[in-house]
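One structure is given below, encoded as structure tokens.
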Amino acid sequence: MHSQILCKSTAAAVAARRMRNILGAVLGRDGWTWRSHEVKLLSTSSGDTVTIGEISYQLKTPRSPELVPVKHISDSIPQTVAQHLRWIMQKDLLGQDVFLIGPPGPLRRSIAMQYLELTRREVEYVALSRDTTETDLKQRREIRAGTAFYIDQCAVRAATEGRILVLEGLEKAERNVLPVLNNLLENREMQLEDGRFLMSAERYDKLLQDHTKEELDAWKIVRVSEDFRVIALGLPVPKYKGNPLDPPLRSRFQARDMFYLPFKDQLELLYTAGPNVAAERVSQLLSLATTLCSQESSTLGLPDFPMDNLPPALQILNVFPMLSSQQLVQRLYPYNSILGKEGRTAVEGVLSRFELLDGRHQPAPSDVLSVSSSRDVEHHADVTLRVADKDVTFQVPAGTKELRPPHSSPAFISTPSHAQLLAEMMQSHMVKDMCLIGPKGCGKSVIAREFAEMLGYSIEPVMLYQFVTCDVMKEGSAPRQLNQLGERRSRQTAHSGERSIFLTEDTSLNRSPLI
Ligand SMILES: Nc1ncnc2c1ncn2[C@@H]1O[C@H](COP(=O)(O)OP(=O)(O)OP(=O)(O)O)[C@@H](O)[C@H]1O
Ligand SMILES: [Mg+2]
């Protein structure tokens, strides 16, 4: 408010700005001049409009409503997210493509999808990988009934239909793949393998003044929609592993840093996820996570804490408030298994700083007592666990086969440590997928099988080797199993081990489900 009165270049204005910077940190973002942006949907006679702060976007009716993302927007959008959405909207209105950069986790994708949902735009989504090739983005040649056809892929479909192309994992693409998009990004033009030529809406419309549509069709010129945009998502390289973007491509995007949500917003999210958990405990856990994601921790060589797994962890704490925080942290961040001695000491130092070293005093769930079909919800099971002489019953998803009571398999010997692990897996199953890490032959497969049989799941084992490419995962040599794996992903345990390169390589730890 003072800056409005003071002239920008005076010493007083400089002092006011400094004060604002200092006080901003104390008062929080809303405390001083950070304006809050409200996201509103207005219906007027000329159509629906979305406004974020003072920026407004006129909605169009999507031609393929099934491609418009849904259920990404929450009821109360945190201010930081509203600011990101507003920025994307500004760039969108200017016709610019955006690149959202940030640490591993679903936040960037979620914000992109929220934007598309808000503005009712159709999406063409592609997760880039080392195996993505030019043809995956442009056109693929397919043979049907003995004849070869060119089938448009995501980038071409998005350009011609006026959709938003979401390119996830820009840092994973091989160097020569993305430059095929250079011209499409810069001039909205692209030569296709089938002889067609994509041309920007502006140039096409100009040509249309002198020529007929039939002529342009005969010349195989296709109009790129003026609504076509690209939203790229990626990790900052370096810091994370990946291919740095080549400068010409980078310059075609407007980039925005999307770091984790601020402490206050995260805290609110966590309070909602675990209303029964003591507020102090929530803030201790969040402080730990924030510390482990800080620059200092990464200088020490500690991997990032998977911040986005905190809400599901809080959901578990909500049902089991007696659980030890330390053990819960172990599940999200298995520092004992993945770090050396120095790293472990460092993490324990942080744990003790936030009074989270309670593993020895607090009980762990010791056994699964019973598993029975849930009466109220289909394909769910009621599971009872014993935690420190108390029995706790909760609901988890279950398979379609008949459930099998615990301790009834002749092939599985329930040792105390395996019984405890099974009980912990039941807890994690309530909220997320999981990954079992352990030395060779320690019983991971046996436990996964026992877990699946208890809950009536069928198992689809997939051996992962280094040469298993993403294409194989999607449609290659074992399509049936892998498709089923995809469908059941949320209902099955991921099998990990020394051979499972996919789960142990690169950033998977940051995305790893609960353990
Ligand atoms: N609780 C148990 N009850 C019965 N058998 C067990 C148990 N734990 C381990 N075993 C036996 O130990 C052997 C190794 O177990 P398993 O194959 O599950 O290990 P793994 O961790 O999956 O090994 P890998 O890393 O090689 O995949 C199996 O032959 C299994 O029968
Ligand atoms: Mg195994």
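Kindly indicate whether Glu342 is open to solvent by 50 Å² or more (accessible area, probe 1.4 Å) and modelled with pLDDT of 90 or more. Judged against the criteria, Glu342 is a match. For region 70-119, filtering for residues that are in a helix (DSSP H, G or I), acidic (Asp, Glu) and out of contact with any Pro (no Cβ under 7 Å at 6 or more places or on another chain) leaves 1.
Kindly indicate whether any position in region 200-207 is over 21 Å from Arg252 (Cα atoms) and among the aromatic types (Phe, Trp, Tyr). Yes, some residue in region 200-207 is over 21 Å from Arg252 (Cα atoms) and among the aromatic types (Phe, Trp, Tyr). Would you mind stating whether Phe394 is at pLDDT below 90, more than 14 Å from ligand 2 (Cβ to nearest atom) and aromatic (Phe, Trp, Tyr)? It is false that Phe394 is at pLDDT below 90, more than 14 Å from ligand 2 (Cβ to nearest atom) and aromatic (Phe, Trp, Tyr). All told, Ala145 meets the bar of being open to solvent by 10 Å² or more (accessible area, probe 1.4 Å) and either outside the structural domain of Leu118 (by TED's automatic domain parsing) or hydrophobic (A, V, I, L, M, F, W, C) (or both).
Restricting attention to region 266-324, the residues that are within 23 Å of Ile111 (Cβ to Cβ) and part of a loop (DSSP other than H, G, I, E, B) total 5. Residues in region 293-313 that are closer than 19 Å to Lys264 by Cβ and over 19 Å from the mean Cα position of the chain (by Cα): 1 in all.
Here the condition is being of a type in the set (Asp, Glu) and in contact with a helix residue (DSSP H, G or I) (Cβ under 6 Å, 6 or more places away or on another chain); of Asp246, Asp304, it holds for Asp304 alone.
Among the residues of this structure, Thr415 counts as one that is open to solvent by 40 Å² or more (accessible area, probe 1.4 Å) and either over 31 Å from the mean Cα position of the chain (by Cα) or more than 16 Å from ligand 1 (Cβ to nearest atom) (or both).
Does Val347 qualify as being outside any helix (DSSP H, G or I), under 30 Å from Lys440 (Cβ atoms) and modelled with pLDDT of 90 or more? Criteria not met by Val347. Here region 440-466 is the region considered, the condition is being part of a loop (DSSP other than H, G, I, E, B) and within 7 Å of ligand 1 (Cβ to nearest atom), and the residue that is surrounded by the most Cβ atoms within 10 Å (Cβ to Cβ) is Gly443.
Among the residues of region 380-411, those that are part of a loop (DSSP other than H, G, I, E, B) and open to solvent by less than 60 Å² (accessible area, probe 1.4 Å) comprise Ala388, Ala398, Gly399, Leu403, Arg404, Pro406, Ser408, Ser409. Buried (at least 17 other Cβ atoms within 10 Å of the Cβ), of a type in the set (A, V, I, L, M) and part of a loop (DSSP other than H, G, I, E, B), is that true of Ile437? Criteria met by Ile437. Within region 449-461, no residue that is farther than 16 Å from Ala423 by Cβ and at pLDDT 90 or above sits with its Cβ atom under 6 Å from a residue that is within 16 Å of ligand 1 (Cβ to nearest atom) and hydroxyl-bearing (Ser, Thr, Tyr) at 6+ positions apart or across chains.
Of all residues in region 403-410, one or more are more than 25 Å from Tyr335 (Cβ to Cβ) and among the hydroxyl-bearing types (Ser, Thr, Tyr).
The values are calculated or read from the model by the stated rules, or taken from the named source; none is laboratory data. Small disclaimer: the values here were computed from a predicted structure and weren't measured. Virtual Cβ from ideal backbone geometry, glycine too; neighbours counted across all protein chains shown. SASA here: full protein model, heavy atoms, side chains in, ligands and nucleic acids out. Shrake-Rupley method; radii C 1.70, N 1.55, O 1.52, S 1.80 Å.
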